[in-house]
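S.K.: One structure is given below, represented as structure tokens, and several questions about it will come after.
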Amino acid sequence: MHRTAVYPGTFDPLTLGHFDLLRRSAALFDRLFVVVAGVSHKATGMFDLKTRMAMIQESVAEANIPNVEVDSLDCLLVEYCCRRKIGVIVRGLRVYSDFEYEFQMALTNRKLAPAIETLFMMPNESYSYVTASTVREISRYGGDTSVFVPKSVHKHIEAYMRSHAAHVVKA
């Protein structure tokens, strides 16, 4: 049986916590689609959709994870899953406060598409405090993000910061 899952998110930017879940999910499934949401209810991001997708693709290539495909998401997640015949949605839970939102989304998705299951995974505890918004904030103040993101992502952050140097907040 061909097992396929989707790992959705905004990934702005991809953190080591995200990458930990991506790597472990890829080991559980024959095929993993990492889908990047173009728009979000979250605060204004750092990178456009194309750059976020490229960062994920570069990180996956560096780690040699061949069964991962990166795609964009411009519809309801369950619609995407139905079109691609994906039966599992992978979601990360870092801290207890993530649970309420993720639980609500899982129940909503189940109501819309009962055949699709949601699998909750926790990142390695050494990454449980890392969030993309924290990485963006550290970047905004010119801090070192290399311990929070994959190497290829860090290169993109450095390039972004060089091109936006006038907007970096000096402490």
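S.K.: Would the range 97-115 turn up any residue that is free of Cβ contacts under 8 Å to residues at least 12 places away in the same chain, closer than 19 Å to residue 22 by Cβ and over 15 Å from the mean Cα position of the chain (by Cα)?
M.R.: No, because not a single residue in the range 97-115 is free of Cβ contacts under 8 Å to residues at least 12 places away in the same chain, closer than 19 Å to residue 22 by Cβ and over 15 Å from the mean Cα position of the chain (by Cα).
S.K.: For the list (1) open to solvent by less than 10 Å² (accessible area, probe 1.4 Å); (2) assigned to a loop (DSSP other than H, G, I, E, B); (3) in contact with an Asp or Glu (Cβ under 8 Å, 6 or more places away or on another chain), I need the number of the one condition that residue 45 fails.
M.R.: All conditions pass for residue 45, except number (1).
S.K.: Tally time: how many residues in the range 136-159 are assigned to a helix (DSSP H, G or I), farther than 14 Å from residue 52 by Cα and open to solvent by less than 60 Å² (accessible area, probe 1.4 Å)?
M.R.: Total satisfying the criteria: 2.
S.K.: Right, here's the next one. Spot the failing condition for residue 66; the list is (1) at pLDDT below 95; (2) open to solvent by 80 Å² or more (accessible area, probe 1.4 Å); (3) over 14 Å from the mean Cα position of the chain (by Cα), and only one is missed.
M.R.: So the condition that residue 66 fails would be (1).
S.K.: Looking at (1) polar (S, T, N, Q); (2) within 15 Å of residue 20 (Cβ to Cβ); (3) in a strand (DSSP E or B), find the lone condition where residue 118 falls short.
M.R.: Here residue 118 meets the rest and fails (2).
S.K.: Continuing with the same structure: Among the residues of the range 71-80, is any surrounded by 14 or more Cβ atoms within 10 Å (Cβ to Cβ), closer than 15 Å to residue 32 by Cα and among the aromatic types (Phe, Trp, Tyr)?
M.R.: yes
S.K.: While we're on this one: Sort out which residues of the range 19-35 are surrounded by fewer than 24 Cβ atoms within 10 Å (Cβ to Cβ), in contact with a helix residue (DSSP H, G or I) (Cβ under 6 Å, 6 or more places away or on another chain) and part of a strand (DSSP E or B), and write them in order of number.
M.R.: Residues satisfying the conditions do not exist here.
S.K.: Further question on the same structure: Quick check on my filter: what residues within the range 93-135 are open to solvent by 70 Å² or more (accessible area, probe 1.4 Å) and more than 26 Å from residue 149 (Cβ to Cβ)?
M.R.: 100, 103, 104, 107, 110, 111, 112, 114, 115, 117
The values are calculated or read from the model by the stated rules, or taken from the named source; none is laboratory data. Every value quoted in this text rests on a predicted model; they were computed, and no experiment measured them. Cβ coordinates were reconstructed from backbone atoms using ideal geometry, including for glycine residues, and neighbour counts include every protein chain displayed. In case anyone asks, the SASA skips ligands and DNA or RNA and just uses the protein heavy atoms, side chains included. Shrake-Rupley method; radii C 1.70, N 1.55, O 1.52, S 1.80 Å.
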